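K.L.:
Dumping the structure here so I can ask a few things about it.
The values are calculated or read from the model by the stated rules, or taken from the named source; none is laboratory data. Remember, it's a predicted structure, so these values are computed and weren't measured experimentally. Cβ placement follows ideal geometry from the backbone for every residue including glycine, while neighbour counts extend to all protein chains displayed. Heavy atoms of the whole protein, side chains included, go into the accessibility calculation; ligands, DNA and RNA do not. Shrake-Rupley method; radii C 1.70, N 1.55, O 1.52, S 1.80 Å.
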Amino acid sequence: MAENYDMAVLGGGPGGYVAALRGRQLGLSVLLVEKEQLGGTCLNRGCIPTKALLSDVEGLQWAIRGAREGLLDRKPVINFNVIMKRKADVVSKLVSNLEKLLTSSGVTLINGSAKILEPGILITDTGRIVRSANIVIATGSRSWIPHIIGADLPGVLTTRQILELEKVPGKLVIIGGGVIGQEFAAIFSSLGSQVTILEALDRILNEVDQEIARRYSSLLSSRGITTEVGVQVKGIERSQTGLKVPYEKGSKEKVATADLILIATGRRPNLEGSGILELGVRLNNGAIEVDQFLQTSVNGVYAVGDVLGRKMLAHVASYHGEIVAENIYGHNRPCEDEVVPGCIFTTPQIAWAGLTEEQAKESGRPFRTSSFSLSSSGKAQAVGEPRGLIKLIEDTGTGRLIGAHFMGPHVSELIGEAALAIRKGLSASDIADTIHPHPTLSEAMREAALGLLDGPIHAASRRKIFTG
Ligand code: NAI
C-alpha cells in the first residue's frame, strides 16, 4: 500500500515549508520533500546568510568610523573566517530549528527528490510511491547566467559560491546591478574589496523608484564601488593576475580587472525534475501559470513562490504557501499579491511598496509626492546615518496612498506600515493622525504624510504635484 497524504509539497523553502506548516495547522496530513537542506535559497544561500554578513559588516563600518573619529584607538582588523563561520552557524541553527518545528508539527519529511508520475501520485528518487490528492510545487529558482563567453572560468561565481569564500577578494567585478549585485557590493566593499558593478541597463536597481536609486547610486563611489551602467559585457578572460572583463560603454571599449567575478543577472524558475513538464502543466514565459487560487492547469497540482516567476521574494512565497494550504483545505482564498514590500539590505537600506513615481506617471492618474529628508530626523542624526529620505505618493483623485519609497537606516523595518496603508487604501491623514513613537525613524513616515497635508513639522515641505 502506497503512503497517502492530503498534501505533498515539493521543495522546503519559505514557500514549501510554510505551506506544510499551515497545512498541519488546518489538520491536513502533509509530506514535505526537500533534496538539499531545509529552508531553500532564502535560508541557506540568500536572505539569511547575507543578512548575517551584512550585520557584521555594519558593525565593522561603525568601528572603522569610530577609529577615524577617535572613538576607538585603532582601525579594526577583519577576521573574515570568523564572519563566515558566524554566518554558517546562524544558518545551521535555523535549519535545525526548522526541521524540529516541521517534525514536531507532524509534517512527514523526505530528504531526497520526488517527481509527479501522474496527478495524485509521486515517486521519490529511492523509488518510494506516494499518493497525495494535492501536490504543491515549491521548487524555487536558480541563478540565471546569460550567454557570456568565459562565464564558466574558475573564479566566476554565482551567489551560492561567493557565500563560501575563504578570503576577501582584492578586486571583485559584479555583473548585474540589481538587488543581489548591490547587496554583495555593500558586503565586499565594506570588507575591503574594490568592487566594480557592470550593469547593462542605463541605471542600477531598475525596479526601484528612480529618485531613490539615483540617490543611492551617488553614495557608491565613496565606498570604493565603481558603477558602470549601459554596458555590454563582451566576455570574461583570464589575465596574468586573475580575470578581466572587456566591455563596451557607448562607443568606448573598456576592461575591468578582477580576482573574482560574481554573476548577478537574475534568477529563473526551477521547472525541471518535479515532473511538471512531463505532466504538461501550462507555462507562461518560462514560469508556471496558476489561477487566483494558485492551482496550475492540472487539477490538484498547485504552485507557489519563485516557480511562478512573479516577484521572487521569500515573503511572497510564504504568503503563497499559506494560501495554497488553505485552498487545499477548502477555503477558496484568492491570492492578492499586488502590494508587496521590497527591501534591499544595503547601507543605507532601501525599501518600498506600491507604485514608483514613474509607474504613477505611466498610469496617467493625478498624484502628489511628499519627501521628508532624514537629515531632519533626530533619530537618523543620532544613529549617524542621516543620508536618506521617506517619500510617499498619494493619488489626488482618491486621496489614497499608492506608493512609499524609503532610503535610510533599517527602513526595511518601516515598510510594513506603508504596505498596510497602501493595501488598505489609507490616506495621509490616517498616517498623520496616528501617534508615532519618538525618537524613531517611523516619525519620518508621519512627517512625509504631513507633507501631503499642511506640511511637515520638522522641515520645509517638499511636495511635487502631477496633474496626470
Ligand atoms: P535583478 O533582476 O534584480 O537584477 C539583475 C540585473 O542584471 C538587472 O539590472 C539586469 O539588467 C542586469 N543584467 C542582466 N544581464 C546582464 C549582462 N549580461 N550584463 C550586465 N548586466 C546584466 O536580479 P538579481 O539581483 O540577480 O536578483 C534575483 C532575484 O532575487 C530578484 O527577483 C530579486 O528581487 C531577488 N532577491 C531579492 C532580495 C531582497 O529582497 N533583498 C535579495 C536577493 C535577491
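K.L.:
Give me the residue from the stretch 4-27 that is open to solvent by less than 10 Å² (accessible area, probe 1.4 Å) and assigned to a helix (DSSP H, G or I) and, out of that set, farthest from Lys115 (Cα to Cα).
P.N.:
Checking each candidate, the answer is Gly23.
K.L.:
Name the residue, out of Thr265, Thr241, Thr257, that is under 25 Å from Tyr216 (Cα atoms), more than 16 Å from the ligand (Cβ to nearest atom), of a type outside the set (Lys, Arg) and not in a helix (DSSP H, G or I).
P.N.:
Unique residue meeting the criteria: Thr257.
K.L.:
Continuing with this model, one more query. When Glu237 is evaluated against the numbered criteria (1) over 30 Å from Gly286 (Cα atoms); (2) out of contact with any Pro (no Cβ under 8 Å at 6 or more places or on another chain); (3) surrounded by fewer than 17 Cβ atoms within 10 Å (Cβ to Cβ), which criterion, by number, is the only one it fails?
P.N.:
Against the list (1) over 30 Å from Gly286 (Cα atoms); (2) out of contact with any Pro (no Cβ under 8 Å at 6 or more places or on another chain); (3) surrounded by fewer than 17 Cβ atoms within 10 Å (Cβ to Cβ), Glu237 comes up short only on (2).
K.L.:
While we're on this one: Residues to consider are Ala432, Ala428, Ala459, Ala419; find the one that is surrounded by 18 or more Cβ atoms within 10 Å (Cβ to Cβ) and modelled with pLDDT under 95.
P.N.:
Selected residue: Ala459, the only one of Ala432, Ala428, Ala459, Ala419 that is surrounded by 18 or more Cβ atoms within 10 Å (Cβ to Cβ) and modelled with pLDDT under 95.
K.L.:
Shifting gears a bit: Please enumerate the residues belonging to the stretch 194-212 that are open to solvent by less than 60 Å² (accessible area, probe 1.4 Å), touching a residue at least 40 places away in the same chain (Cβ under 8 Å) and over 15 Å from the mean Cα position of the chain (by Cα).
P.N.:
Thr196, Leu198, Asp209, Glu211, Ile212
K.L.:
Right, another one. I'd like to check something: does the stretch 313-323 contain any residue that is modelled with pLDDT of 95 or more, β-branched (Val, Ile, Thr) and either in the same structural domain as Ala380 (by TED's automatic domain parsing) or within 14 Å of the ligand (Cβ to nearest atom) (or both)?
P.N.:
Yes: one or more hits.
K.L.:
Could you tell me which of the residues Val281, Val298, Val339, Val290 is open to solvent by 20 Å² or more (accessible area, probe 1.4 Å), in a loop (DSSP other than H, G, I, E, B) and in contact with a Ser or Thr (Cβ under 7 Å, 6 or more places away or on another chain)?
P.N.:
Val290
K.L.:
Using beta carbons and a limit of 8 Å, which pairs, at least six apart or on different chains, have the first residue in the stretch 172-189 and in the same structural domain as Glu228 (by TED's automatic domain parsing) and charged (D, E, K, R) and the second one part of a helix (DSSP H, G or I) and within 9 Å of the ligand (Cβ to nearest atom)?
P.N.:
That search, which allows pairs on different chains as well, returns Glu183/Thr50.
K.L.:
Also: Looking at (1) over 30 Å from Ala19 (Cα atoms); (2) of a type in the set (A, V, I, L, M, F, W, C); (3) open to solvent by 20 Å² or more (accessible area, probe 1.4 Å), which is the only condition Ile145 fails?
P.N.:
Checking Ile145 against (1) over 30 Å from Ala19 (Cα atoms); (2) of a type in the set (A, V, I, L, M, F, W, C); (3) open to solvent by 20 Å² or more (accessible area, probe 1.4 Å), the one that fails is (1).
K.L.:
For the stretch 313-336, which residues satisfy the criterion of being closer than 24 Å to Asn270 by Cβ and open to solvent by 60 Å² or more (accessible area, probe 1.4 Å)?
P.N.:
Those that are closer than 24 Å to Asn270 by Cβ and open to solvent by 60 Å² or more (accessible area, probe 1.4 Å): His315, Tyr319, Glu322.
K.L.:
Considering Ala19, Ala67, which residue is of a type in the set (A, V, I, L, M) and farther than 26 Å from Glu326 by Cα?
P.N.:
None of the others qualify; the one that does is Ala67.
K.L.:
Answer with yes or no whether Val229 is in contact (Cβ under 8 Å) with a residue 24 or more places away in the chain, open to solvent by 20 Å² or more (accessible area, probe 1.4 Å) and either outside the structural domain of Gly13 (by TED's automatic domain parsing) or within 29 Å of Gly408 (Cα to Cα) (or both).
P.N.:
It is true that Val229 is in contact (Cβ under 8 Å) with a residue 24 or more places away in the chain, open to solvent by 20 Å² or more (accessible area, probe 1.4 Å) and either outside the structural domain of Gly13 (by TED's automatic domain parsing) or within 29 Å of Gly408 (Cα to Cα) (or both).
K.L.:
What number of residues in the stretch 161-210 are small (Gly, Ala, Ser) and either in contact with a strand residue (DSSP E or B) (Cβ under 6 Å, 6 or more places away or on another chain) or closer than 21 Å to His147 by Cα (or both)?
P.N.:
Of the residues in the stretch 161-210, 8 are small (Gly, Ala, Ser) and either in contact with a strand residue (DSSP E or B) (Cβ under 6 Å, 6 or more places away or on another chain) or closer than 21 Å to His147 by Cα (or both).
K.L.:
Moving on. Looking at Glu394, Glu362, Glu358, can you tell me which residue is acidic (Asp, Glu), within 16 Å of the ligand (Cβ to nearest atom) and either open to solvent by 10 Å² or more (accessible area, probe 1.4 Å) or in the same structural domain as Ala213 (by TED's automatic domain parsing) (or both)?
P.N.:
Of Glu394, Glu362, Glu358, the one residue that is acidic (Asp, Glu), within 16 Å of the ligand (Cβ to nearest atom) and either open to solvent by 10 Å² or more (accessible area, probe 1.4 Å) or in the same structural domain as Ala213 (by TED's automatic domain parsing) (or both) is Glu358.
K.L.:
Still on this structure, please answer the following. If we only count helices (runs of 4 or more DSSP H) wholly inside the stretch 133-220, which ones have 2 or more residues that are of a type in the set (D, E, K, R)?
P.N.:
Output list reads 210-220.
K.L.:
Are there any pairs with C-beta distances below 7 angstrom linking a residue in the stretch 101-117 that is not assigned by TED's automatic domain parsing to the domain that holds Ala303 to a residue that is among the β-branched types (Val, Ile, Thr), with the two at least 6 apart or on different chains, and if so which?
P.N.:
The qualifying pairs do not exist here.
K.L.:
Going residue by residue through the stretch 35-44, is there one that turns out to be out of contact with any Lys or Arg (no Cβ under 9 Å at 6 or more places or on another chain), closer than 18 Å to Leu308 by Cβ and among the small types (Gly, Ala, Ser)?
P.N.:
There is at least one residue in the stretch 35-44 that is out of contact with any Lys or Arg (no Cβ under 9 Å at 6 or more places or on another chain), closer than 18 Å to Leu308 by Cβ and among the small types (Gly, Ala, Ser).
K.L.:
Considering only residues of the stretch 268-306 that are in contact with a helix residue (DSSP H, G or I) (Cβ under 6 Å, 6 or more places away or on another chain) and not aliphatic (A, V, I, L, M), which is farthest from the ligand (Cβ to nearest atom)?
P.N.:
This residue is Phe293.
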